[in-house]
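Undergrad: One structure coming up, written as C-alpha cells, with questions to follow.
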Protein chains: 2
Amino acid sequence: MATPTLRPNPKKSPRRGDDRLFLTERKLREGAELMFFAYRAFTQDPDRLLHARNYGRAHHRALHFIGRRPGISVAGLLEILGITKQSLARVLKPLVEDGLVDSIPGEEDRRQRLLTLTALGRALESDLSRVQRERLSRAFREAGSEAVAGFRAVTALMIDEDARDGILDMVYGAPDRPE
Amino acid sequence: MATPTLRPNPKKSPRRGDDRLFLTERKLREGAELMFFAYRAFTQDPDRLLHARNYGRAHHRALHFIGRRPGISVAGLLEILGITKQSLARVLKPLVEDGLVDSIPGEEDRRQRLLTLTALGRALESDLSRVQRERLSRAFREAGSEAVAGFRAVTALMIDEDARDGILDMVYGAPDRPE
DNA sequence: GTTTTATGTCAACGACACTGTCATAAACTG
DNA sequence: CAGTTTATGACAGTGTCGTTGACATAAAAC
C-alpha cells in the first residue's frame, strides 16, 4: 500500500463560491487545529517516560527507527529523521554510552557505524511505543476502520509529494526485523 | 511487540487472534509513523516564513489563537496552548513590541490583558495560515471528504478524553470573529 | 484589610534544532 | 600511488521553546 486509496474528489461546483469557500476555509482551520492538539496528545505519554530517564523526544525517534531498521547506518538514520549530523550525534552518543544502542563498524564499508538496539534499548523502545500505541489504539478502535483508512490517506497526502513514496515505502514496506 | 513477538514472525495461523493482533500492532506502528511524518510536513511551510522574520512556531500558535479569539486574556491563551506563563510571555512580548498584537486592559477586570491582532498581525497570521492551509487543502481534496471525516474522527479521539470536549468546542464552536 | 487573582519579570536550566569548522579513517578514482 | 570523496565524530556557537522558582504589582474578592 505504497499509495493510499486515492479517489478523485467528487463534487467541486463553486457556483455559490462564497459559501463553499467559507466552509472549506473553516474546515481547513479546524483540521489544522486538530492536527495541533492531536500531535500534542500523541507525544505526551512517551515524553513523560523519556523525561524520567533524562531523554527527550529525539531519543525516542532514534530508538524507534533503529528498532525498525536494525543495522541502519548513521547516514540512513539521518535521512529518515531529516536532522543534521550534529543533532543526531547529540542524541546517539548517550544512547550508545548508556548501552541502549550498539554501534558496530560495517563489514563491507568499515567507515559506517551500523546501529542496532541492545536488549536494554529494545526494552525502553518497547515501553515508549506501548504507551503511544495504547493511545493510538483507543483512537483507532473508537473511530472505526473506515475512519482509520481516511486518517492514513490524509496524513500520507500531507507529506511532500517528492518525499512521499520513499517515506510510505518505509512506513508500509520494511518489516520490523529484515529476515 | 510488548509480548514475546520478537521473531521475524513468519505468517501465523490466520484464524487465530494472534494474526489479528499482529496486523493491528503493525497498523498502529504505521499510524504512529504517519503522524510523525505528517506533522513534520504540516509545520514546515509556516516554519519557513516564521524563520525569515525571526519568529518561531510558538509565535504562530499565539497569533493563530489570538486571531481565533480576539480579546482573549493571557490566562485563556495559556490554557489553550498548555504552556507556562513564562513561555508565553517570551513569545508575546516581541509580538506586542513589533506591533502585531494589541494588549489592552480589560474593562470589567482591569488586571487582565486582552489580546487582539493588529492589521500587521492579521497580515502575518494570514500568510502563515495560507501556506498551511494550502498543504492541508491539497491533502483533503485528494483524499476525499470521507477520508477527511475519518481524519477528523481519529485526531479528535487522540486527545485526552478529559480535555476533548473543551477542545472540540473551541475547534468547532467559536467563530473567527464573534458577532 | 487581608487574601486571592491576573499578569509581568528575572534568573536559570534543558532539549533540540541549526551552522560552521576540523579531524580521521576508509573507500573510490585517475 | 596520489588525490578526492565519503562516513563519521567532535567542538564551538546560536536560537527557539519548553521548564521551574521567586518576586512585584495592581486589582478584585472576601
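The values are calculated or read from the model by the stated rules, or taken from the named source; none is laboratory data. As the structure is a computational prediction, the values presented were derived from the model and not from experiment. Neighbour counts are summed over all protein chains in view; Cβ atoms, including those assigned to glycine, are modelled from backbone coordinates with ideal geometry. With ligands, DNA and RNA removed, areas are computed over all heavy atoms of the protein, side chains included. Shrake-Rupley method; radii C 1.70, N 1.55, O 1.52, S 1.80 Å.
Undergrad: Does residue B:85 meet the test of being on the phi < 0 side of the Ramachandran plot and within 10 Å of DNA strand D (Cβ to nearest atom)?
TA: yes
Undergrad: Of all the helices (runs of 4 or more DSSP H) wholly in region B:70-179, which have at least 2 residues that are away from DNA strand C (no atom under 16 Å from the Cβ)?
TA: B:119-143, B:145-158, B:161-168
Undergrad: Which is farther than 30 Å from residue B:150 by Cβ, surrounded by 15 or more Cβ atoms within 10 Å (Cβ to Cβ) and within 16 Å of DNA strand D (Cβ to nearest atom), of A:109, A:98?
TA: Step by step, each of A:109, A:98 is checked, and only A:98 is farther than 30 Å from residue B:150 by Cβ, surrounded by 15 or more Cβ atoms within 10 Å (Cβ to Cβ) and within 16 Å of DNA strand D (Cβ to nearest atom).
Undergrad: If you don't mind, another one. Go through (1) modelled with pLDDT of 95 or more; (2) open to solvent by 40 Å² or more (accessible area, probe 1.4 Å) and name the single condition residue A:145 misses.
TA: (1)
Undergrad: Any chance you could count how many residues in region A:121-138 are surrounded by 13 or more Cβ atoms within 10 Å (Cβ to Cβ), farther than 18 Å from residue A:72 by Cα and without any contact (Cβ under 8 Å) to a residue 60 or more places away in the chain?
TA: 5
Undergrad: Let me ask something else about it. Restricting the search to region A:113-145, which residues are basic (Lys, Arg) and within 19 Å of the chain's Cα centre (by Cα)?
TA: A:122, A:130, A:133, A:135, A:138
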